[in-house]
């Protein structure tokens, strides 16, 4: 029963995000939530430089940086089409996998951007602790190039509250 409720909660949060409202998902997030976005692109380097290696590289730390990412997602007009939501684990160590398409539709009915995504979420007692995206990073970088969006140079001294740039 709990897993069905979590599935419905995640689906509802992503539907609200598609409608331009990130507040529902952000309310689920813990104040120290983390987001890991792959690749070397304008999304993964919004707040810090890319670090390559075997360990997960957290690209967004805390609710303010996660809000910056979500607000940018909404501002860009991106959407999710959910294919499946898998839930496993007890409430104190819940894992959720969302398989979806993320895309930006155009008025002409084509997609300006389209990608496949697997989002791996970790929740503890209903609070979102970590969100890791897995997707084709070449498509993200290609969209950056087509839109002439430079990947910002980030130094370790830069503020983590810098305003998000365009994807």
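When the test is whether a residue is under 14 Å from the mean Cα position of the chain (by Cα) and closer than 13 Å to residue 130 by Cα, residue 101 does not pass it. Screening the candidates 99, 116 for the property of being over 19 Å from residue 144 (Cβ atoms), surrounded by 14 or more Cβ atoms within 10 Å (Cβ to Cβ), modelled with pLDDT of 95 or more and out of contact with any helix residue (DSSP H, G or I) (no Cβ under 6 Å at 6 or more places or on another chain) yields one hit, 99. Residues of the stretch 58-73 being surrounded by fewer than 18 Cβ atoms within 10 Å (Cβ to Cβ) and touching a helix residue (DSSP H, G or I) at 6+ places or on another chain (Cβ under 8 Å), which ones? Result: 63, single match. State yes or no: is residue 59 within 18 Å of the chain's Cα centre (by Cα) and closer than 28 Å to residue 145 by Cβ? It is true that residue 59 is within 18 Å of the chain's Cα centre (by Cα) and closer than 28 Å to residue 145 by Cβ.
Each residue in the stretch 16-31 was checked for being without any contact (Cβ under 8 Å) to a residue 40 or more places away in the chain and out of contact with any helix residue (DSSP H, G or I) (no Cβ under 6 Å at 6 or more places or on another chain), and 3 pass.
Only one of the numbered conditions (1) touching a helix residue (DSSP H, G or I) at 6+ places or on another chain (Cβ under 8 Å); (2) closer than 23 Å to residue 18 by Cα; (3) touching a residue at least 40 places away in the same chain (Cβ under 8 Å); (4) surrounded by 15 or more Cβ atoms within 10 Å (Cβ to Cβ) is violated by residue 39, and that is (2). When restricted to residues that are over 16 Å from residue 63 (Cα atoms) and assigned to a helix (DSSP H, G or I), the stretch 18-47 contains 1.
The values are calculated or read from the model by the stated rules, or taken from the named source; none is laboratory data. Because the structure is a prediction, the values reported are computed rather than measured. As a convention, Cβ positions derive from the backbone with ideal geometry for all residues, glycine included, and neighbour counts pool all protein chains shown.
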